[in-house]
Amino acid sequence: MPETEPLPYRLLDCGDRALTIELGRAVDPAVNEQVVALDRALGAAGLAGLLETVPTYRSLLVLYDPERLPRATLAAWIAGHWPPPAGADGGRRRWRVPVHYGGAHGADLDALAAGAGAEPAAGGGLPAGRGDPGPQSGLSPGLAHSRRPRPRGPPRRPSGPPPETPARHRPG
């Protein structure tokens with residue numbers, strides 16, 4: 001992993017039991033490396049009152065018990081350990097989420113692609129001709145959902161009742 005300059009950070013209060021440590025405002029691998037390093041350093045510190053950390057691409061949310069870990073103590077720990085030591089990438093986990101497109105899993109995809117003015121993709125995924133959507137993050141706070149602007153308005157779904165979902169895919 002290449003050496004990176006330590007970034008300035010901002011402490012943002014999130015109520016009286018959480019603190020966001022913002023390391024940048026852009027999608028930048030150097031920012032993310034420091035978020036990961038800070039998350040690891042806090043986890044290894046064993047601070048009493050540290051409840052949970054939630055890393056995002058550019059910031060770290062720290063949940064703490066203010067009676068056991070006052071905000072001033074947490075802020076002083078961060079300042080005293082800044083920048084965090086860079087770590088090896090071996091501790092990261094990659095999550096794979098299986099996704100099914102078309103057939104029984106997306107009976108209306110052809111109609112949605114037609115409504116968006118695109119051809120359905122062979123084998124599923126994005127409609128053909130749309131290209132890579134950029135970084136995707138779902139609903140994670142602090143991450144960019146996409147670098148490209150979204151088309152105006154969602155494609156309209158076909159009118160009528162939705163297709164039947166096979167029983168093995170129903171919750172419960």
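Identify all residues within region 17-35 that are surrounded by fewer than 19 Cβ atoms within 10 Å (Cβ to Cβ) and in contact with a Pro (Cβ under 8 Å, 6 or more places away or on another chain); write none if there are none. Arg17, Val27 - these are the residues of region 17-35 that are surrounded by fewer than 19 Cβ atoms within 10 Å (Cβ to Cβ) and in contact with a Pro (Cβ under 8 Å, 6 or more places away or on another chain). Taking the criterion of being closer than 16 Å to Tyr9 by Cβ and hydrophobic (A, V, I, L, M, F, W, C), the residues of region 19-53 that qualify are Leu19, Ile21, Leu23, Ala26, Ala30, Val31, Val35, Val36, Ala37, Leu38, Ala41, Leu42. Filter region 39-91 for residues that are touching a helix residue (DSSP H, G or I) at 6+ places or on another chain (Cβ under 9 Å) and among the acidic types (Asp, Glu) and give the result. Asp89, the sole residue that qualifies. Taken together, the residues in region 17-41 that are farther than 12 Å from Thr56 by Cβ, touching a strand residue (DSSP E or B) at 6+ places or on another chain (Cβ under 7 Å) and not in a strand (DSSP E or B) amount to 1. Scanning region 60-82 for residues that are surrounded by 16 or more Cβ atoms within 10 Å (Cβ to Cβ) and under 25 Å from the mean Cα position of the chain (by Cα) returns Leu60, Leu61, Val62, Tyr64, Leu74, Ile78. Selection of first residues in region 63-81 that are under 12 Å from Leu19 (Cβ atoms) and touching a residue at least 60 places away in the same chain (Cβ under 8 Å) and of second residues that are outside any helix (DSSP H, G or I) and among the β-branched types (Val, Ile, Thr), restricted to Cβ pairs under 7 Å at least 6 apart or on distinct chains, gives the following pairs, ordered by first then second residue: Ile78/Ile21.
Any read-out appearing in this document is the output of simple, stated calculations on the displayed coordinates, not a laboratory observation. In this text the structure is predicted, and so the values were computed from the model without any measurement. Reconstructed Cβ throughout: ideal geometry from the backbone, glycine too, with neighbour counts over all protein chains shown.
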